[in-house]
Amino acid sequence: MKMIGKRLLACLLCAVLLLGCGLFGAAEDAPADPPAASDTAPFRISCTINGDPATQRGFCWYTKAETPSVIELTQADGTPADAAIDYKDVTAWEGNYMHQALATGLQPGTTYTYRLGDGTTFSQPGVFTTDNKDGQVDFIAVADIQASNLENFRRGASTVSAALRTLPTAEFMVNLGDFTNDSTNEEWDYYAQAMDGVSLQTTLAPIAGNHDGLGVWHWFENLFCLDTSESVQNLNGVNYSFEYGNVHIAVVNTNDLLSVSRAQLRWLRNDLNSTSCDWKIICMHKSPYTLGKDGKWPDAMYLQRALTKVADDCGVDLVLSGHDHQYLRTKPLKGNKLDPDGTTYVLAGTAGTKRYEVRPFLANHFLNTSFIDALVVQRDGWANYWDGEDWEQSDPRNVGGCFSCIRADGGTLTLNAYILADAADENGGEVITNVDTLTLTKPVGQNQPTFTGDNTTSKAAFYLDVVPSFLALAGYTFGEWLPKFLLMLPELIKVYAEEGIF
């Protein structure tokens, strides 16, 4: 009986073990619940310049859940596009999942519609048109939405929407940086909520601002699918270039070693000397010429020495920048002096709601006022347009979001700057004011490239230039900036005591 009892107990234990294994096996093999539709919905959608704008586009989007990456790309008549799409691996990033892809083999001068998703859940359709290589191009420039809450992001989106309505032929939009204020997930979600609908209407050429990342490496390149093949470094932004129509645009990352490294200046010089386009434009965040609050610090002012030298030597026509939240256009400058054959610098104002008034103590210390051709300054409740004498003129039509519309056609380049007023007219309609117009002309077909070859920068070359780059900035800071700062310091203290402006 004892033996039978032991055998029965052994059988019972085996049965329990087998049953347990079956139960655990069933639990392992059971399919997981599919993610909710809200977790698979694409957001933070962007279609970007990436390589040749006639044949390529970059795409980036995010999802809350890990999903496959699928792009539906069709021509205007609804037929599938005959293009190759190279998908990058889906990557977890800051609590979400990043999707990026590059479309190649697109047809020049063709309008495409796209949807981004996982094969089941897709975004709303977006649209873009490739460069038709006819020598004419229209584009929009905005800067510094730099919001912290949804309402202010929506106001920035209203400015961008007004720009697209003002220039419906715009083929792409340059954003000169500071997309958000603190570069948090919450703010990028607000940006997406306000801007995704607008972003679907155009191709973006993004520039990294000093607020885009704030110490979290690779934020910028993980938000936009860009050509990083020649970028000097990608930790806090990306430098790249492209040609659209008869315009060569070089994007400079002014977060590079506080302002700009020697390695990036070398890349910029080679890049500008490698094109046969008639028009050369530099786009960057920090501005070398400004009367805003950041114009008193050496990182931005160093550009007035180092970067403008490259612009002078390479025959740059126009430099577009942001950072200081006011609209300012210089007369043509070369060697930091007035010169009709020089470069025009445009500080593009802010598309957002954070606006900087003039710091008068900067005048004729860091910016000679005779260099200024147009200046619109805004702060809460009022705005002024500088007439060469009076800083304090006010016009309510100048209080609002700023954008610029640019056209290059043959030997003529025009820039029109506009303000979308915060205040509506008496009928509740929007008020858009053309606050500045620039026209440049030149003979065409005379630019010949002088640089060919490899313009990439190795890690070794970049790091070998780190110390010399900091020494160059330090030399400027103590040799040129500090004496000017000390000379203007009494006036700075006086203005701060009287107006609270620093």
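A short reminder: the numbers here are calculations on the coordinates, not readings from a lab. Here the structure is a predicted model, which means the values were calculated and not measured. Don't worry about glycine lacking a Cβ; one is built from the backbone with ideal geometry, like all the others, and counts go over all protein chains shown.
Annotations for the structure displayed:
- Global geometry of region 33-184, whether rounded, prolate or oblate, following the gyration tensor of its Cα atoms and the 1.5 cut on a/c: oblate
- Long-range amide H partners of R57 with built H, under 5 Å: A103
- Other residues within the sphere of radius under 15 Å centred on the Cβ of F59, judged by their own Cβ, net out at -3 (K and R +1, D and E -1).
- Long-range HN-HN contacts of L338 with modeled amide H, under 5 Å: none
- Shape class for region 44-129, computed from the alpha carbon gyration tensor (a ≥ b ≥ c): prolate, with a/c not under 1.5 and a/b above b/c.
- Among complete DSSP H helices in the chain, those whose alpha-carbon atoms stretch at least 27 Å along the helix's long axis and whose mean Kyte-Doolittle hydropathy reaches 0.5 are 2-29.
- Cross-link partners of K88 among lysines, defined as those whose alpha carbon lies under 21 angstrom from its own and excluding same-chain residues fewer than eight positions apart: K64.
- Straight-line cross-link reach from K133 at under 27 Å between alpha-carbon atoms covers these lysines, not counting any fewer than eight positions away in the same chain: K280, K442.
- For region 271-348 and region 413-466, distance of Cα centres in Å: 10 Å
- For region 121-239: rounded, prolate or oblate by the Cα gyration tensor [a/c cutoff 1.5]: oblate
- Ordered by the number of other Cβ atoms lying within 10 Å of each residue's own Cβ, fewest first, L464, L272 fall into the sequence L464, L272.
- Sequentially through region 213-219, phi angles give Karplus couplings (6.51, -1.76, 1.60; θ = phi - 60°) of x, 6, x, 8, 4, 6, 3 Hz, Gly and Pro residues having no value and appearing as x.
- Fewest-first sequence of F478, F470 by Cβ atoms within 10 Å of each Cβ: F478, F470
- By other beta-carbon atoms within 10 Å, ranking C314, C277 with the fewest at the front produces C277, C314.
- For the chain, calculated [θ]222 nm from helices alone, where every DSSP H run of n ≥ 4 adds -39500 (n - 2.57): -8000 deg cm²/dmol
- Eligible lysines near K494 by straight Cα distance, threshold 27 Å, same-chain separation 8 or greater: K286, K293, K296, K354, K484
- Taking 7 Å steps out from each Cα toward its Cβ at S370 and Q448 produces label points 3.7 nm apart.
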